[in-house]
1. Placing +1 on the Cβ of each Lys and Arg and -1 on the Cβ of each Asp and Glu in segment 95-175, which of Pro131, Ala149, Leu103 has its Cα farthest towards the positive end of the resulting dipole?
2. Quick check on the exposure proxy: order Tyr33, Tyr40 from fewest to most C-beta atoms within 10 angstrom.
3. If I take R0 = 45 Å and measure r between the Cβ atoms of Thr47 and Ile110 in this structure, what FRET efficiency does the formula 1/(1 + (r/R0)^6) give, to the nearest 0.05?
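Values in this text are rule-based calculations from the coordinates and carry no lab data. Every value quoted in this text rests on a predicted model; they were computed, and no experiment measured them. Here the Cβ is made from the backbone with ideal geometry for all residues, glycine too, and neighbour counts use every protein chain on show.
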Amino acid sequence: MPHGSPQFTPKQLLDAGQRAEAEGRLDLAYQFYEHLSDRYGHAPEATEGRDGLARVGTGVHRPQVWQSNGAIPAGPTANGRAGRAKRSAQRDDYRIGRTLAGLASGIGGIAIIAALLALGAGLAADFAPVPALQELKNAHDLLPRAVGALLVGAASLLCGQMARALFDQARAMRELVAIERVKAGLEP
């Protein structure tokens, strides 16, 4: 799957399949269950998904009602209406935020690597009588700065990853809302 595409958790897929099944939309439920068992066959929810597949159909090919990129397929939908993809699959509503989150993660990773190298050099200075390492350790107060850089790098990496997860979740939520709006008969 391409990097940056929305990922639904096994629990989200199972819940969506059960909701579609309860509403009598068996084609949609079948596709959620099938996607769950195909992509997440190892997850505990996949067992319930396979049970759902057995309830709603015998495995016959059913027309695609939804797509993983959130686009609505052309032609008749599950409700019999013609659908058009209003959202482009290439559209990224949070491009700048995701870029900044990646930058923060990258800077954090570089800071962690640099701090670990500095700590390694400081430890080597304690065990190896190399004059250059002794001067580096004494001249720049290496150990406290390396520990500080390690902590700042870890915090930056964590913040970047949290921001990226937030943007991914917001994007997935927008796609779920678009699916629900189509199901309700509203224009996305």
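1. Comparing the listed Cα positions along the dipole, Leu103 ranks first.
2. Tyr40, Tyr33
3. 0.60
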